[in-house]
Structure formats: C-alpha cells, structure tokens
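Report on one structure; see the data block that follows.
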C-alpha cells in the first residue's frame, strides 16, 4: 500500500485528469444520455465519483479525529447510497454535477493533507474511493465515447 502522501495526491490528480479528459470526449448534449453503464449517464458517473471522494473525505476525517472509521457498513447500505446519488444526479446539468464532484474531490484531498500520518487504512480509503474509482469509470466512459464516434470512415 502506498502511504506517501505526495504520491497518493499525484496519482489522484493524474487519474482525475484522465477521467475529465474522457468526459470531454462526450459532447455535452450527450452527457445526460443513459447507457454508459446500465441506467447511468456521464453526468451520473461524474457526480457518483465525487460522492465517493466525499466518502473518502469523511473516512479520513474520522481517522484524523478518533483514529477509527467505525464499523463497516454492509454492501446493501452502499448500494442504497449509490441508487440515491444516481436519482439525485438525474436532475442535474453537467455543470452542477461537475461542480459538486470537484467540491467533494477537494474535500478528499484536503482530508488526506490534514492527516498527521498516512496509515495503510487511510491510504486504502483514499486510493479506493478516489483514483481507483475514477479509473474504473474512465474506462466505461471511454467505451461509451468510442461508441458515439461510430466506425472509422473509409477514404
């Protein structure tokens, strides 16, 4: 597990840049179209990534405060949160979804910076809920964007 704060921040920044670049390949008027993954649009995934970065911020804040994130919530709780976030993002324009994602992303980065020590647990929360998560959805958005471009034109 990488526990070097600068390396974690560097990886998060690079993964976010790749994510945003793939989002940028999808025309803005198509970012609310479903189908990136079943039932989810680009806007939904932008907001979703931000919400998970927000989870990282909360967990890192708990580690900084009490040294513990508490009892792990079951998958059903997280699935419910994902569904709630997806429903919330359906009414958002791209600009709002991105603005909210950027706020949560910055909270995660600030929470990592605020830790006196980056433990394996802290690094794991940050890694999984930021850059690992971004990369997963970057690949999905890339496939979606490739499908929008259609087959290569013959010359």
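In table form, for the structure just shown:
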{"quantity": "Number of positions in segment 141-155 that are modelled with pLDDT under 95 and surrounded by 22 or more Cβ atoms within 10 Å (Cβ to Cβ)", "calculated": "0"}
{"quantity": "Which numbered condition residue 70 misses (of (1) modelled with pLDDT of 80 or more; (2) closer than 17 Å to residue 129 by Cβ)", "calculated": "(1)"}
{"quantity": "Yes/no for residue 138 being crowded, with 18+ Cβ neighbours inside 10 Å, at pLDDT 95 or above and within 18 Å of residue 36 (Cβ to Cβ)", "calculated": "yes"}
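For every residue, the table says whether it meets (1) outside any helix (DSSP H, G or I); (2) in contact (Cβ under 8 Å) with a residue 60 or more places away in the chain; (3) farther than 20 Å from residue 139 by Cα; (4) in contact with a helix residue (DSSP H, G or I) (Cβ under 8 Å, 6 or more places away or on another chain).
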position	(1), (2), (3), (4)
2	yes, yes, yes, yes
9	no, yes, yes, yes
13	no, no, no, no
19	no, yes, no, yes
32	yes, yes, no, yes
44	no, no, no, yes
52	no, yes, no, yes
63	no, yes, yes, yes
79	no, no, yes, no
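The values are calculated or read from the model by the stated rules, or taken from the named source; none is laboratory data. The structure displayed is predicted, hence computed values, not measured ones. All Cβ positions, glycine included, derive from the backbone under ideal geometry; neighbour counts span all protein chains shown.
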